[in-house]
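Read through the structure below, which is laid out as structure tokens, and then see the notes.
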Amino acid sequence: MVRLESIEIRNFKNVKYGRMTFENNRKEYQSSILGLYGQNGSGKTALIDALSLLKSVLTMKSIPLTFADYVHVDADYSALKYEFKVTDDEPEGEYVVYYEFKLCKNKKETFENKEYISDDSEKNKALIFDEVLSYSYKSNDLKMKLLPIIDTRTDEVFIPATKYESLVGKEKATETNLLVAKKYAAETSRSFIFSKELLNAIRKNCKEHYHSALFNRLFYFGAYELFIINTANSGLITLNTLPLAFKYADKEKGKSMIGNLMIQLNGSSLIPMETLDVVCKVIENMNVVLKQIVPGLTIGVVNLGNELFPDGKRGSKIQLVSCKNNREIPLQYESEGIKKIISILQLLIVVYNKASITVAIDEIDSGVFEYLLGELLRIISEKGKGQLIFTSHNLRPLETLDRGFIAFTTTNPDNRYIRLSNVKTNNNLRDFYYRDIVLGEQSEEIYEPTNNYEIAFAFREAGEWRGS
């Protein structure tokens with residue numbers, strides 16, 4: 001099992017510094033839930049974006065160009081540090097892992113007298129550099145204290161030299177190939193530590209199982225167990241496109257299906273023929289829960305026949321429909337709240353059932369009825385097994401979740417994330433939060449006050465300026 005324990009952010013978007021822990025200290029709960037609340041522009045989405053960046057890094061993908069603009073305006077680079085707890089079943093053991101790196105906007109920059117140079121034609125491409133991976137390991141037979149295992153802050157492949165030899169051996173050819181891979185990773189906005197070349201070298205040359213097992217496990221986590229749902233999904237729903245993220249265990253075939261489909265709702269969608277069976281099974285699985293959430297409602301897939309893709313491959317033309325009172329209508333005519341629930345429902349099912357799943361959802365409350373949202377989150381927190389991280393403006397979950405599962409942003413960019421202190425067991429967290437907004441009883445201010453009279457005057461002044 002892989003579980004995120006904490007994240008530390010420096011100079012990323014509007015967060016000069018923030019540290020958020022996800023660790024679940026309640027022994028009665030298996031799940032790890034973190035709901036982040038705060039006023040607009042206070043760093044909630046920055047946390048989700050930091051997790052999205054982690055997913056790109058772990059899965060050997062180039063960092064999206066948008067991240068080039070996420071470096072704080074007053075800084076030369078961002079710095080991010082992630083903490084994991086990883087358990088290994090065969091042999092039984094446990095890792096505590098720290099992975100950190102820096103992110104800068106331009107491809108040609110100088111830091112600490114080191115120049116990172118690549119194609120000058122791409123001035124705003126994000127660059128990841130100064131990666132460090134540290135971890136400890138403990139099992140019945142072995143105990144390794146927390147140490148840097150790979151430190152890329154060197155002109156060599158990486159240091160320390162003893163760990164280098166242990167992981168990839170002493171062959172000169174391997175060293176040459178990895179030096180080329182390190183440079184290529186920088187030029188293509190990728191991680192070197194989580195690159196295909198380094199991973200293959202470790203798999204081939206590392207003789208200690210606990211080293212190679214960790215790299216394999218972190219890659220698998222990023223590719224198959226970490227899901228990020230951002231606000232772009234809600235925008236797609238508004239444009240009548242359903243982003244359907246899923247992880248589905250096909251017991252008959254003995255394997256898991258994973259994907260993120262974009263299905264058009266204002267008409268038909270063409271999908272690969274081999275995907276049709278997966279979509280049908282995922283929707284059938286979702287309907288088990290959906291009809292309980294929205295009594296009597298299920299969704300279905302209408303197969304409109306086969307059609308060719310532009311490359312000549314055969315596909316299936318489908319349309320999604322909603323079914324209620326024995327009548328079918330195109331799903332596009334359902335409310336955006338229903339569509340939002342459908343788009344994330346399969347992931348919530350997986351979070352409920354699987355311990356090594358992390359799902360991060362920005363603005364989980366968008367379009368969802370507040371009472372239903374509170375009950376869903378209560379059920380997942382009390383009976384679920386996985387890890388759910390979400391941001392929200394709807395305060396209903398403050399009344400249904402354990403206070404240990406809630407954190408807040410502050411108005412201080414140098415200390416963006418806090419847990420409320422002095423909350424008693426019998427306190428209503430929602431009322432407590434409102435009171436603190438007014439009275440400001442925490443160590444950090446959690447809301448920047450506004451003046452209603454000034455707002456009203458501004459409305460009037462703006463109307464007069466426009467000649468209204």
Residues in the stretch 26-35: is at least one crowded, with 21+ Cβ neighbours inside 10 Å, in contact (Cβ under 8 Å) with a residue 40 or more places away in the chain and among the aromatic types (F, W, Y)? no
Count, please, the residues in the stretch 31-78 that happen to be closer than 11 Å to N11 by Cα, more than 17 Å from the chain's Cα centre (by Cα) and among the hydrophobic types (A, V, I, L, M, F, W, C). 3
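Restricting to the stretch 15-25, name every residue that is assigned to a loop (DSSP other than H, G, I, E, B) and either of a type in the set (F, W, Y) or surrounded by 17 or more Cβ atoms within 10 Å (Cβ to Cβ) (or both). First the steps, then the outcome.
Narrowing the stretch 15-25 to residues assigned to a loop (DSSP other than H, G, I, E, B): 22-25.
Answer for the stretch 15-25, where residues must be assigned to a loop (DSSP other than H, G, I, E, B) and either of a type in the set (F, W, Y) or surrounded by 17 or more Cβ atoms within 10 Å (Cβ to Cβ) (or both): F22, N24.
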Mind checking whether some residue in the stretch 267-277 is in contact (Cβ under 8 Å) with a residue 60 or more places away in the chain and either more than 30 Å from L54 (Cβ to Cβ) or not in a strand (DSSP E or B) (or both)? no
Is it true that G41 is part of a strand (DSSP E or B) and under 20 Å from Y447 (Cβ atoms)? no
If the Cβ limit is 7 Å and pairs must be 6+ apart or interchain, which residue in the stretch 309-323 that is under 27 Å from G296 (Cα atoms) pairs with which residue that is of a type in the set (S, T, Y)? K317/S268; I318/S268; I318/S269; Q319/S268; C323/T298
Exactly one of N285, N306 is under 28 Å from R3 (Cα atoms) and either assigned to a loop (DSSP other than H, G, I, E, B) or not β-branched (V, I, T) (or both), and that one is N285
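What do you reckon, is R203 more than 29 Å from I48 (Cβ to Cβ), out of contact with any strand residue (DSSP E or B) (no Cβ under 6 Å at 6 or more places or on another chain) and modelled with pLDDT of 90 or more?
yes
Condition first: within 21 Å of N415 (Cβ to Cβ) and among the hydrophobic types (A, V, I, L, M, F, W, C). Now tell me which residues in the stretch 32-52 satisfy that.
Scanning the stretch 32-52 gives L34, L36, A46, L47, I48, A50, L51.
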Out of (1) assigned by TED's automatic domain parsing to the domain that holds Y37; (2) over 20 Å from Y433 (Cα atoms), the odd one out for L347 is which? (1)
If you go through the stretch 258-293, how many residues are modelled with pLDDT of 90 or more and out of contact with any strand residue (DSSP E or B) (no Cβ under 7 Å at 6 or more places or on another chain)? 6
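Name the one entry in N266, N216, N233 that is of a type in the set (S, T, N, Q) and surrounded by 15 or more Cβ atoms within 10 Å (Cβ to Cβ).
Numbers: N266 fails: surrounded by 15 or more Cβ atoms within 10 Å (Cβ to Cβ); N216 fails: surrounded by 15 or more Cβ atoms within 10 Å (Cβ to Cβ).
Being of a type in the set (S, T, N, Q) and surrounded by 15 or more Cβ atoms within 10 Å (Cβ to Cβ) holds for just one of N266, N216, N233, which is N233.
Rundown of residues vs (1) modelled with pLDDT of 95 or more; (2) out of contact with any Lys or Arg (no Cβ under 9 Å at 6 or more places or on another chain); (3) exposed (fewer than 12 other Cβ atoms within 10 Å of the Cβ), yes/no style:
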residue: S78; (1), (2), (3): yes, no, no
residue: E83; (1), (2), (3): yes, yes, no
residue: I117; (1), (2), (3): no, no, no
residue: S134; (1), (2), (3): yes, yes, no
Condition set within 30 Å of the chain's Cα centre (by Cα) and under 19 Å from N14 (Cα atoms), scope the stretch 420-460, selection surrounded by the most Cβ atoms within 10 Å (Cβ to Cβ): answer is I446
If you check T358, T400, T409, T391, which single one turns out to be under 22 Å from G235 (Cβ atoms), touching a Gly at 6+ places or on another chain (Cβ under 9 Å), buried (at least 18 other Cβ atoms within 10 Å of the Cβ) and at pLDDT 90 or above? T391
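Any idea which of T176, T162, T152 is at pLDDT 95 or above and exposed (fewer than 14 other Cβ atoms within 10 Å of the Cβ)? Spell out the reasoning first.
Details: T162 fails: at pLDDT 95 or above; T152 fails: exposed (fewer than 14 other Cβ atoms within 10 Å of the Cβ).
After applying the criteria, what remains is T176.
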Say we look at the stretch 46-71 and pick out the residues that are assigned to a loop (DSSP other than H, G, I, E, B) and of a type in the set (S, T, N, Q); which of these is farthest from T188 (Cα to Cα)? T59
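Look through S366, S392 and report the one residue that is within 30 Å of I263 (Cβ to Cβ), assigned by TED's automatic domain parsing to the domain that holds S52, touching a helix residue (DSSP H, G or I) at 6+ places or on another chain (Cβ under 7 Å) and of a type outside the set (D, E). So that I can check it myself, show each step before the final result.
Working: S392 fails: touching a helix residue (DSSP H, G or I) at 6+ places or on another chain (Cβ under 7 Å).
Result: S366 is the single residue among S366, S392 that is within 30 Å of I263 (Cβ to Cβ), assigned by TED's automatic domain parsing to the domain that holds S52, touching a helix residue (DSSP H, G or I) at 6+ places or on another chain (Cβ under 7 Å) and of a type outside the set (D, E).
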Those residues of the stretch 426-447 which are in a loop (DSSP other than H, G, I, E, B), acidic (D, E) and at pLDDT 85 or above amount to E444, E445
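The values are calculated or read from the model by the stated rules, or taken from the named source; none is laboratory data. Here the structure is a predicted model, which is why all the values come from computation and not from measurement. Reconstructed Cβ throughout: ideal geometry from the backbone, glycine too, with neighbour counts over all protein chains shown.
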